[in-house]
Amino acid sequence: MASISTELIHHPYTPPDSFAAPQPGVFKASTVIFPNVAAMREREWKDKSGYTYGLHGTPTSFILEERLCALEGGTQCLLAPSGLAAIAIVSLGLLHTGDELLIPDNAYGPNKTLSEGELRHWGITTLYYNPMDPADLAAKISDKTRLVWLEAAGSVTLEFPDLPALVRVCKSRGVTNALDNTWGAGLAFQPFDLLPGSGETLGVDISVHALTKYPSGGGDVLMGSIITRDAGLHMRLKLAHMRLGIGVGVNDVEFVLRSLPSIALRYQAHDATARKLAHWALQQPEFVQVLHPALPNSPGHAHWKTLCARGVDDVAAAGPGNAAGLFSVLIDPRHTSAQVDAFCDALKLFKIGYSWGGPMSLVVPYELAEMRTTWPAWLAKGTLVRFSAGLESAADLQADLQQALQKLHS
Ligand SMILES: *Cc1c(COP(=O)(O)O)cnc(C)c1O
């Protein structure tokens, strides 16, 4: 070889074929080499039969896609650089000028902002429906409706909809539905088989998951997935994904692959802690309402039980069934918003910050009136504070909440 640069680039050594470690290799690429021009022309990028370009996948990203399909019970998966990007690909891929989009009033806020800030300029109209009333969804579907977003439980307020009923409305009207399944994470219920063993096969069309939360589990990766069980629907989304140039970094894929085997254990731990704290919160006079779908008085509890605690008769404290690590409280309106802020500031283990799913507990006070078209009748008046239970000890977290409550009275 003429120069060291050329020699280093074209060095002939190749490692032995079968490196038998249990963990998948981390394959990163933009370019993928073809043996000849004919092979380049023949290679198909649209399925997993070969590799064409890093943006279309590497062995490492294909493995994550397949494992996420296993987690959620789907057959095709697309990866996006955040949960919000995954939401955006679904809406952008399926909607055109003149179409209508339906979003639940309690949806993840940035899904609404995307619709109002971007889709509106392209002549796509968004309507909001009451997720606790399938008849309201039915009434708002028109012949222009092309997509219905679903979410269970609702963001921040955690009311649990009758998801099978909402899906049935969409199916009966021939409208594609997409579930934001970040809360359920493929563990609380099966999005593509909502009522297993019931004799009725009922599932969502699309499941979007913010992998940023439980699949990452570390609070250090942003990623999203779009899972389907329909090759045609997948291809429409895949074309939008490709045309927009959406891809994910393989180092981030590696992190999610490393965390995925412990997701069920972590989910159970977050769940058990959140239930203990939610039960404790019920006893505190400062909290006029506690929102957690496994609490009998929380809105939609019966729907949660049907979906997430199937076959379980007695859903006791920290008992059977599955729920994530989130709960919200409404703080008695006698306390000023400055006092509520002081309560949040006084927390030592619960840190103030967005997102959830990592080891650290988090807290966010919300201005709910600005987030909803109407204040739901079942929701008490007061300031809403949402907690996300991390993996710390439940007793330590409870003591932290207890000490911070003093600030509400000072
Ligand atoms: C966090 C979250 C998202 C967005 O995920 P990012 O990766 O932060 O963009 C979407 N939906 C729900 C319900 C979420 O909690």
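Couple of notes before you dig in:
- Segment Thr373-Glu44, length gained on full extension (0.36 nm per residue, minus Cα span): 113.8 nm
- Phi to ³J(HN,Hα) by Karplus 6.51 cos²θ - 1.76 cosθ + 1.60 over the stretch 187-200, Hz, x for Gly, Pro: 10, 6, 7, 9, x, 9, 8, 5, 10, x, x, 8, x, 9
- Normalised contact order of the stretch 263-409, rounded percent, pairs of Cα under 8 Å and 6 or more residues apart: 28
- J(HN,Hα) series, the stretch 292-299, from Karplus relation 6.51 cos²θ - 1.76 cosθ + 1.60, nearest Hz, glycine and proline x: 7, x, 7, 7, x, 8, 7, x
- Modelled FRET efficiency - R0 25 Å, Ala380 with His409, Cβ distances, 0.05 increments: 0.80
- Summary value for the stretch 131-287: 16 percent relative contact order, contacts being C-alpha pairs under 8 angstrom separated by 6+ residues.
- Normalised Debye scattering of the stretch 22-124 at q = 0.20 Å⁻¹ gives log10 I(q)/I(0) of -1.06, counting only Cα atoms as equal scatterers and leaving out solvent.
- Building the convex hull from the alpha-carbon atoms of the chain and averaging its projection over directions returns 24.6 nm².
- For the chain: relative contact order, % (alpha-carbon pairs under 8 angstrom, 6 or more apart): 15
- Restricting the stretch 1-83 to chymotrypsin sites (Phe, Trp or Tyr not before Pro) that sit in a DSSP loop and have at most 12 other Cβ atoms within 10 Å of their own Cβ leaves Tyr13, Phe19.
- Working ranking of peptides 298-305, 169-176 by packing, defined as the average number of other Cβ atoms within 10 Å per residue, highest first, is 298-305, 169-176.
- Largest first and in whole Å, the equivalent-ellipsoid semi-axes of the stretch 73-262 read 24, 20, 16, each the square root of five times a Cα gyration tensor eigenvalue.
- Most simply put, the chain has about 60% antiparallel DSSP beta bridges, counting only bridges with both residues inside it.
- Temperature 25 °C, viscosity 0.890 mPa s: under these conditions the Stokes-Einstein estimate for the stretch 22-80, based on its Kirkwood radius over C-alpha pairs, is 195 µm² per second.
- One compactness figure for the stretch 101-164 is 1.09, namely its Cα radius of gyration divided by 2.2 N^0.38 Å.
- The string of couplings for the stretch 3-18 from the Karplus curve (6.51, -1.76, 1.60, θ = phi - 60°) is 9, 4, 4, 5, 5, 5, 6, 9, 4, x, 5, 10, x, x, 4, 9 Hz, one whole number per residue in order, with x for Gly and Pro.
- Sites Asp133 and Leu282 - FRET efficiency at Förster radius 22 Å, r taken between beta-carbons, to 0.05: 0.25
- For Thr145, the residues whose modelled amide H falls within less than 5 Å of its own, excluding neighbours fewer than 5 places apart on the same chain, are Glu100.
- Debye intensity ratio I(q)/I(0), log10, the stretch 216-301, q values 0.10, 0.17, 0.19, 0.22 Å⁻¹ (C-alpha model): -0.50, -0.89, -0.94, -1.03
- Applying a DSSP loop filter and a limit of 16 other Cβ atoms within 10 Å to the trypsin sites (Lys or Arg not before Pro) in the stretch 21-122 leaves Lys28, Arg43, Lys46, Lys48.
- Order of Cys308, Cys69 - criterion: other Cβ atoms within 10 Å of each residue's Cβ, fewest first: Cys69, Cys308
- Percentage of interatomic Cα-Cα distances in the stretch 145-204 larger than 18 Å: 31
- Estimated 222 nm signal from helices in the chain, with DSSP H stretches of n ≥ 4 weighted -39500 (n - 2.57), rounded to 500: -10000 deg cm²/dmol
- FRET efficiency, 1/(1 + (r/R0)^6) with R0 35 Å, evaluated for Arg120 and Ala342 via beta carbons: 0.35
- When you work out D = kT/(6 pi eta Rh) for the stretch 263-409 at 4 °C and 1.567 mPa s, using the Kirkwood radius from C-alpha pairs as Rh and the Stokes-Einstein form, the result is 83 µm²/s.
- Alpha-carbon centroid distance for the pair the stretch 109-135 / the stretch 17-49, whole angstrom: 40
- Altogether, the Stokes-Einstein calculation at 10 °C and 1.306 mPa s, with the Kirkwood radius of the stretch 174-247 over Cα pairs as Rh, returns a diffusion coefficient of 116 µm²/s.
- Restriction of the GluC sites (Glu not before Pro) in the stretch 1-51 to DSSP coil positions whose beta-carbon has at most 14 other beta-carbons within 10 angstrom yields Glu44.
- Seen against the Cα atoms of the chain and their longest principal axis, helix 337-346 is set at about 60 degrees.
- Dipole of the chain [Lys/Arg +1, Asp/Glu -1 at C-beta], most positive-end residue of Ala395, Leu94, His335: Leu94
- Remark: the Ser393-Arg168 segment gains 76.9 nm on full extension, using 0.36 nm per residue and subtracting the alpha carbon distance.
Where a number appears in this text, it was derived from the coordinates with a stated rule and is not lab data. Worth saying up front: this structure is predicted, and the values here are computed from it rather than measured. All Cβ positions, glycine included, derive from the backbone under ideal geometry; neighbour counts span all protein chains shown.
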